[in-house]
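For reference, the structure is listed below as structure tokens.
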Amino acid sequence: MITPKTITTAGEEPATPSPSAPQVNSILQWWRRWTVLVAAIWIQAFTGTNFDFSAYSSDMKSSMGVSQSRLNYMAVASDLGKALGWSSGFAIAYFPVSVVLFAAAAMGLVGYGVQWLSIADVIDLPYSLVLVCCSLAGLSICWFNTVCFILCVRHFEANHSLALSLVVSFNGISAALYTLGHEAISGKSSASSDIYLLLNSLIPLIVSVLALWPVLTNPHDSDSGCRTRDEVRVFVAFNVLALITCFYLLLPSSGAYLASSPRWHFLGAIFLLLFPLCVPLLDYVHRARQSLRSSGYAVVDIEDPKILDNVSLDHQKNNAEEGCNQVRLGDEHSLGTLVCSLDFWLYYVAYFCGGTIGLVYSNNLGQIAQSLRQSRSNAKSLVTLFSAFSFLGRLLSSAPDFTRKKLDYLTRTGWFAISLLPTPIAFFILAYSPKTNQTALLEVATALIGLSSGFVFAAAVSITSDLFGRNSVGVNQNILITNIPIGSLFYGYMAGTVYDKNASTAGTPKSQVSADDAVVCVGSKCYFVTFLYWGFLSVLGFVCSLFLFIRTRPVYQRLEQNRI
């Protein structure tokens, strides 16, 4: 057998041949590298447990006999755990990824497990300890996210943006998966929601055990000689499968047969999460068949980007010419440099008035549906709808990578600004929706907010990596999301105050109902003022994102030049 030759130019090192020969060892190396991405997808898909809060919040409120404001503080406590999310960035620097993974699973097991014992009346837990458990559960989510970020950056350096967008997308389907799991165990018409908390505590631990072998893969042991376009082809297949999964999860809101068979529907979702393991093998077979018909020379991929090295050299050259040591966008940013950057604060406010406000809306979705006289099953359908469209929005966040050459005038921050537009539109629809079309408009607004916030959540990781340094993304991203607990407290207090005020207003007997000592507000006025405030604040976020786009466009032009 003749060994394929490699064409090189003067001054260049010979390129490593593409792994086209169908050898068992090479196949296993190629496949194991992609199992890391699949493991990260599993982790994200089952650890977005904060998104199903509205599915059991009404029962939690009734069980503990608390007001809407105190219930919102529980959501705030969960988000407050994210204020300590930066600790995961430091933990990953000193401990193996597997240790951080199981530390996150342990925190989630305790945080949600104790809450389940409380709502199931096994133990009587004081309100203050419930808040502590909520914070611990919220912190576990940040640690899981950091594990996934690091796995993507270490194993897919050239296409880390595609990997991050894809993996973070699956965090949006957690609520839909847990709703299917709840229906498969308890039945579709079951009124008990304590199963959510039990699943929230156990499933992430089980998934961590299943993902352990891929997580232990050394990036240097993987097949690093593969070409970038071979990776992109697999990423395209993964995104197509993700879209299929998204639409499959929307079946409960349709009249499909699977929607009436929760167990089969749930098993189908699990199959769709397992099938990506086959995609790299199928791609390898496809390339092996092509190699049999190709010439004896391997083609050098001149488009393979080495962005980090090129950008670093470019910055060093420019800084030397300018005679300064100023850190600019795209360089690695320390904490001090980050908080002194105007672009970071524009980014921070845009996220605060975009993705965070969408998250708070999802936390209040159960009470919003209840106030508009929606049934319990309709409320669960809204949670699934929000989750599915959040997933779709996260998938769309990879658009800048696939349209980079066709839409070069739109940078990643430009897409970010566009993604914030549906949110104010949705809130104004909610505020002024007529009673005749209230249910349909509620579904439309929920889908729009889910789509917008999902895009923001996924795109933010890549934007943070591009603007403030790829190697520091684990810490910098967790600094960015400190706006989530602040926004949760601010927006939640606003919503809870308006809700409780309207529930206790005299002269409106229909707006006040008692359910185990918990006051329930019924009527469109329960959230009218809240929707108006949230709508105007989301407009502010859109304006900040526009300024960020204008200021950062040169950065992306420089990044694009260094790809050539």
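Key figures
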{"quantity": "Residue 66 vs. criteria over 30 Å from residue 247 (Cβ atoms), among the β-branched types (Val, Ile, Thr) and in contact with a strand residue (DSSP E or B) (Cβ under 8 Å, 6 or more places away or on another chain)", "calculated": "yes"}
{"quantity": "Residue 529 vs. criteria more than 23 Å from the chain's Cα centre (by Cα) and not in a helix (DSSP H, G or I)", "calculated": "no"}
{"quantity": "In region 38-55, the residues that are at pLDDT 80 or above and either in contact with a strand residue (DSSP E or B) (Cβ under 8 Å, 6 or more places away or on another chain) or farther than 20 Å from residue 206 by Cβ (or both)", "calculated": "53"}
{"quantity": "Every residue from region 319-355 that is surrounded by 20 or more Cβ atoms within 10 Å (Cβ to Cβ), modelled with pLDDT of 85 or more and not in a loop (DSSP other than H, G, I, E, B)", "calculated": "344, 346, 347, 348, 350, 351, 352, 355"}
{"quantity": "Residue 467 in a helix (DSSP H, G or I), in contact with a strand residue (DSSP E or B) (Cβ under 8 Å, 6 or more places away or on another chain) and either of a type outside the set (A, V, I, L, M, F, W, C) or surrounded by 22 or more Cβ atoms within 10 Å (Cβ to Cβ) (or both)", "calculated": "yes"}
{"quantity": "Residue identified as within 19 Å of the chain's Cα centre (by Cα) and within 18 Å of residue 458 (Cβ to Cβ) among 420, 410", "calculated": "420"}
{"quantity": "Near pairs, Cβ below 8 angstrom, 6+ apart or cross-chain, from region 363-378 (under 18 Å from residue 436 (Cβ atoms)) to any residue that is open to solvent by less than 30 Å² (accessible area, probe 1.4 Å) and small (Gly, Ala, Ser)", "calculated": "369/379; 371/523; 378/369"}
{"quantity": "Residue 176 at pLDDT below 85 and not hydroxyl-bearing (Ser, Thr, Tyr)", "calculated": "yes"}
{"quantity": "Some residue of region 160-171 being modelled with pLDDT of 90 or more, surrounded by fewer than 24 Cβ atoms within 10 Å (Cβ to Cβ) and within 30 Å of residue 470 (Cβ to Cβ)", "calculated": "no"}
{"quantity": "One residue from 490, 455 being in a helix (DSSP H, G or I) and surrounded by 24 or more Cβ atoms within 10 Å (Cβ to Cβ)", "calculated": "455"}
{"quantity": "Number of the exception - residue 118 against (1) farther than 13 Å from residue 145 by Cα; (2) touching a residue at least 40 places away in the same chain (Cβ under 8 Å); (3) open to solvent by 40 Å² or more (accessible area, probe 1.4 Å)", "calculated": "(3)"}
{"quantity": "Some residue of region 430-443 being touching a Ser or Thr at 6+ places or on another chain (Cβ under 6 Å) and part of a helix (DSSP H, G or I)", "calculated": "yes"}
{"quantity": "Residue 125 vs. criteria open to solvent by 40 Å² or more (accessible area, probe 1.4 Å) and touching a Ser or Thr at 6+ places or on another chain (Cβ under 9 Å)", "calculated": "no"}
{"quantity": "Residue in region 51-82 that is farthest from residue 480 (Cα to Cα), counting only those that are open to solvent by less than 10 Å² (accessible area, probe 1.4 Å) and within 17 Å of the chain's Cα centre (by Cα)", "calculated": "52"}
{"quantity": "Subset of region 244-269 that is under 22 Å from residue 165 (Cα atoms) and surrounded by 14 or more Cβ atoms within 10 Å (Cβ to Cβ) - its residue that is modelled with the lowest pLDDT", "calculated": "250"}
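Here's the yes/no breakdown for (1) of a type in the set (Gly, Ala, Ser); (2) over 21 Å from residue 96 (Cα atoms); (3) part of a loop (DSSP other than H, G, I, E, B):
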| residue | (1), (2), (3) |
| --- | --- |
| 131 | no, yes, no |
| 138 | yes, yes, no |
| 143 | no, no, no |
| 154 | no, no, no |
| 164 | no, no, no |
| 170 | no, yes, no |
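For every residue, the table says whether it meets (1) surrounded by fewer than 24 Cβ atoms within 10 Å (Cβ to Cβ); (2) of a type in the set (A, V, I, L, M, F, W, C); (3) farther than 23 Å from residue 536 by Cβ.
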residue	(1), (2), (3)
357	no, yes, no
371	yes, no, no
377	yes, no, yes
382	no, yes, yes
413	no, no, no
427	no, yes, no
440	yes, yes, yes
449	no, yes, no
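The values are calculated or read from the model by the stated rules, or taken from the named source; none is laboratory data. All values reported here derive from a predicted model rather than from experimental measurement. Note that we place each Cβ from the backbone using ideal geometry, even for glycine, and neighbour counts take in every protein chain shown. In case anyone asks, the SASA skips ligands and DNA or RNA and just uses the protein heavy atoms, side chains included. Shrake-Rupley method; radii C 1.70, N 1.55, O 1.52, S 1.80 Å.
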